[in-house]
Amino acid sequence: MSNNPGSAPETHDPSRDELRAEETRLEARLGELHAGDLAETQDDNFADGGQVAAEQDEIMALASDLRTQLDDVQRALGKLDAGTYGICEACGEPIGDDRLEAMPAARFCMLHVAG
Ligand SMILES: [Zn+2]
């Protein structure tokens, strides 16, 4: 509504900086995984197929883990924009600064994180 695209944000938000940094880091790691992936397929004509497959599995698992984290980080950034950042998605209570400091992309409060 009264958003001014391109203008500086009114408040400097350390959480946003941290989430942006985390997003960049995760994207870089995903990029590295894919780069390594390609190098391996080109390079490993002589390698034992089973071992390559096992390594591919590991890379896939790692990549999917990174993607989940990236997803959480991007979701948290979206919530910052929406003004709902730091609110538990289950109960609507504040997640708490300590917890957000340790886990900036946290989606749930202590009570609802388990399970
Ligand atoms: Zn909760």
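The values are calculated or read from the model by the stated rules, or taken from the named source; none is laboratory data. All of these numbers come straight from a predicted model, not from anything done at the bench. Using ideal geometry, Cβ is built from the backbone for each residue, glycine included, and neighbour counts are taken over all protein chains shown.
Tabulated values for the structure
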item: Members of region 60-86 found to be more than 12 Å from Leu19 (Cα to Cα) and in a helix (DSSP H, G or I), listed by number; result: Met60, Ala61, Leu62, Ala63, Ser64, Asp65, Leu66, Arg67, Thr68, Asp81, Ala82
item: In region 90-115, the residues that are more than 8 Å from the ligand (Cβ to nearest atom), surrounded by 13 or more Cβ atoms within 10 Å (Cβ to Cβ) and not in a helix (DSSP H, G or I); result: Gly96, Met103, Pro104, Ala105, Ala106, Arg107
item: Any hit, region 52-64, residues being within 15 Å of Glu27 (Cβ to Cβ), without any contact (Cβ under 8 Å) to a residue 40 or more places away in the chain and surrounded by 12 or more Cβ atoms within 10 Å (Cβ to Cβ); result: yes
item: Filter result for Val52 (modelled with pLDDT under 95 and of a type in the set (Val, Ile, Thr)); result: yes
